[in-house]
Amino acid sequence: MMSGGSKVNRIWLTGLASLATATVMAQSATILYAPARLIKDQGIDLKSWGSGTASETDEVAFEGVHSIRISTRNYFAGGLLQFGNTVSLSDKFGDKSNMLRLTYLPANSSMTFGGGGNTGGPGGLPGGPGGGKSSGGPAGAGPGGPGGAGALGGASGGRGGLQGGAGGRGGGLQGGPGGLQGPGGRGGFPGGPGGSTSTSPTLEHIRLIITTTDGKKSEAYVPVTTSGTVDRGWRTVAVPLQAISGFDKTNKEIKSIGFAGDVTTTFYVGDIRVVADTTPITGDLNLQDLNLALGDTVTFSANGYGGSSILKYSWDFDDKDGIQDDAVGQVVKRQFRKPGTYKITLTITDVYGLKRPYTTSIKATVNP
């Protein structure tokens, strides 16, 4: 049996080892953009690419008070970071654990840009005169028409005119009915552009274009839908240097990096660095062994952990025909239409195939 003192020593040693590992990683990291410093102090120049934009902003920050705001429309429009001091990665490329890691924040619904619309038009005119007999009192005016609606983006139109009074009673026959409803007022002027929010399609991939001092370009399309959350909505995503297409054929002296996305959106860059990530892949499954009725539908979900690696979740629902991808995704649904006992296997892999996969399984019994 382990004594209390031994347990304390083990915890202390484990914590010390973790701290040492973190310190080594921090010391060995190559920083391309540091969040707590202005870009001018880092020798970085920002340029627009295509119809996209790149700018330093204090709207949000991962650390300090600034970040880089990238607005993109597609894979060919975004922003460029040009390095006054080239970044050499020639000594990092040979180690497959070295990854280019990006910390970013997608724009959310609370971030608005642009103005609102102008007001709507005036109300409607009053109704026409009544149609009563000469012996009767004048009939009341008809109700005013509704105001015209403003154009798209503007405010609604003004209210209609006031309703006419009731028909008067004369000494002779009762006055006729009121006149026809008057026309509504004109609509408002077209509104200004509405506030831009993140109701646009979800960003799924970030394209990186790396230009080196030998004039060569390399690129990576980095999936971000499984990126890990760091803090306050900031997320990290990374690509191994050896997985960047064409980078092996360059001199690995980085002059610029271009950023773009697969949809029209805005995101913020909070940190760019090269880190050595040897974190093994592990994971958790939301369910244990199942006892089901025929026809039951089950939702399976998993959480994987693999440092900065981009993870893929593969599910096999019957090992009798071999382990294969019956479904892919962090959350999947499955209906069990046949009775029997099934082994359900989850495999979590690094999408670039540089780490050992993690596998776990449960049993499902489907009753007839």
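The values are calculated or read from the model by the stated rules, or taken from the named source; none is laboratory data. Here the structure is a predicted model, which means the values were calculated and not measured. Here the Cβ positions follow ideal geometry from the backbone for every residue, glycine too, while neighbour counts run over all protein chains shown.
In segment 327-347, how many residues are part of a loop (DSSP other than H, G, I, E, B) and either buried (at least 18 other Cβ atoms within 10 Å of the Cβ) or in contact (Cβ under 8 Å) with a residue 60 or more places away in the chain (or both)?
2
Sort through 341, 347 and tell me the only one that's within 29 Å of the chain's Cα centre (by Cα) and either modelled with pLDDT of 95 or more or at positive phi (or both).
Sole residue among the options that is within 29 Å of the chain's Cα centre (by Cα) and either modelled with pLDDT of 95 or more or at positive phi (or both): 347.
When only residues in segment 227-241 that are among the polar types (S, T, N, Q) and surrounded by 17 or more Cβ atoms within 10 Å (Cβ to Cβ) count, which is modelled with the highest pLDDT?
Top of the filtered list is 236.
Can you name the condition, by its number, that residue 284 falls short on among (1) on the phi > 0 side of the Ramachandran plot; (2) in a strand (DSSP E or B)?
Looking at each condition in turn, residue 284 falls short on (1).
Are any residues in segment 353-365 part of a loop (DSSP other than H, G, I, E, B) and surrounded by 18 or more Cβ atoms within 10 Å (Cβ to Cβ), and if so, which ones?
355
Report, ordered by the first and then the second residue, all pairs with beta carbons closer than 8 Å, sequence separation of six or more or different chains, a first member in segment 278-302 that is closer than 13 Å to residue 344 by Cβ, and a second member that is part of a strand (DSSP E or B) and among the aromatic types (Phe, Trp, Tyr).
Within 8 Å, the pairs are 285/300; 286/300; 287/300; 300/315; 302/313.
Please determine whether any residue of segment 59-69 is at pLDDT below 95 and of a type in the set (S, T, N, Q).
The answer is no; no qualifying residue exists.
Within the bounds of segment 254-272, is there any residue that is without any contact (Cβ under 8 Å) to a residue 40 or more places away in the chain and surrounded by fewer than 19 Cβ atoms within 10 Å (Cβ to Cβ)?
No - not one qualifying residue is present in segment 254-272.
Out of 310, 323, 348, 344, report the one residue that is aliphatic (A, V, I, L, M) and in contact with an Asp or Glu (Cβ under 6 Å, 6 or more places away or on another chain).
When all the criteria are applied, what remains is 323.
Mind checking which residues of segment 275-284 are loosely packed, with under 15 Cβ neighbours inside 10 Å and touching a strand residue (DSSP E or B) at 6+ places or on another chain (Cβ under 7 Å)?
Result: 282, 284.
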